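The values are calculated or read from the model by the stated rules, or taken from the named source; none is laboratory data. Nothing here was measured: the structure is a model prediction, and the numbers come from that model. Quick reminder, even Gly has a Cβ in these numbers, built from the backbone with ideal geometry, and neighbours come from all protein chains shown.
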């Protein structure tokens with residue numbers, strides 16, 4: 001089943017939604033590159049010590065990677081017409097995403113308790129801004145995940161509706177784009193964690 005559906009995905013290469021996603025990801029890439037380059041420039045030219053990355057950011061990396069893995073499993077279940085697996089893995093992706101957001105809030109709270117605020121130094125300001133912007137894009141993707149899950153619950157009620165759902169090329173395209181978006185957020189978060197981690201060891 002997977003091999004028969006794969007060629008159909010290629011037909012959407014220049015679909016308007018594909019182009020929109022590419023533009024969005026390119027914009028985010030340049031935004032975060034600009035923020036991190038500015039961080040290094042300001043820190044070095046002004047002799048400001050780097051911000052120490054909270055350990056919770058590392059835990060959040062694992063959680064976010066887990067959500068990406070479950071979304072991969074959901075897509076795989078979709079391609080194999082596995083109704084129950086598809087819904088379960090979508091649900092797990094949603095819960096892990098919510099857990100990531102909660103734990104990110106805990107990480108910011110820990111910074112507050114240590115007297116590290118956005119206005120404390122320029123470097124801490126960058127840490128807050130960069131992590132908040134990334135957080136906002138996770139929040140922005142969550143309604144799409146939830147919509148996939150609720151739609152699957154409502155429409156996949158008998159063999160006929162299941163067949164119609166799995167045969168919908170538009171649904172397949174949207175799932176593919178959502179998966180790409182989620183993987184991008186994972187890669188972006190790993191880049192940010194590595195970036196701040198390396199900076200705190202470089203004087």
>> Looking at region 104-142 only, could you name the residues that are under 25 Å from residue 24 (Cβ atoms) and touching a residue at least 40 places away in the same chain (Cβ under 8 Å)?
In response: 104, 126, 127, 129, 130, 131, 133, 134, 137, 138, 141, 142
>> Suppose the filter is more than 25 Å from residue 53 (Cα to Cα) and in a helix (DSSP H, G or I); does residue 107 pass it?
In response: no
>> I'm trying to understand the selection: among the residues of region 151-173, which are buried (at least 17 other Cβ atoms within 10 Å of the Cβ) and either touching a strand residue (DSSP E or B) at 6+ places or on another chain (Cβ under 9 Å) or not in a loop (DSSP other than H, G, I, E, B) (or both)?
In response: 152, 165, 166, 171, 172, 173
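Please pick out the residue among 148, 112 that is assigned to a helix (DSSP H, G or I) and surrounded by 15 or more Cβ atoms within 10 Å (Cβ to Cβ). Please lay out each step first, then the result.
Details: 112 fails: surrounded by 15 or more Cβ atoms within 10 Å (Cβ to Cβ).
Testing whether each residue is assigned to a helix (DSSP H, G or I) and surrounded by 15 or more Cβ atoms within 10 Å (Cβ to Cβ) leaves just 148.
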> Which of the following residues is under 30 Å from residue 84 (Cα atoms) and crowded, with 16+ Cβ neighbours inside 10 Å: 102, 138?
Replying inline: 138
> Among the residues of region 161-174, is any closer than 24 Å to residue 100 by Cα and more than 14 Å from the chain's Cα centre (by Cα)?
Replying inline: yes
> What are the residues in region 175-203 that are touching a residue at least 24 places away in the same chain (Cβ under 8 Å), over 18 Å from the mean Cα position of the chain (by Cα) and in a helix (DSSP H, G or I), if any?
Replying inline: 196, 197, 199
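Identify, from the list 123, 93, the residue that is crowded, with 17+ Cβ neighbours inside 10 Å, assigned to a helix (DSSP H, G or I) and at pLDDT below 90.
Only one candidate qualifies: 123.
The rows are residues; the columns are (1) surrounded by 17 or more Cβ atoms within 10 Å (Cβ to Cβ); (2) more than 15 Å from the chain's Cα centre (by Cα); (3) in contact (Cβ under 8 Å) with a residue 24 or more places away in the chain; (4) not in a helix (DSSP H, G or I).
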| position | (1), (2), (3), (4) |
| --- | --- |
| 40 | no, yes, yes, no |
| 45 | no, yes, no, no |
| 53 | yes, yes, yes, yes |
| 60 | yes, no, yes, no |
| 70 | yes, no, yes, no |
| 77 | yes, yes, no, no |
| 85 | no, yes, no, no |
| 88 | no, yes, no, no |
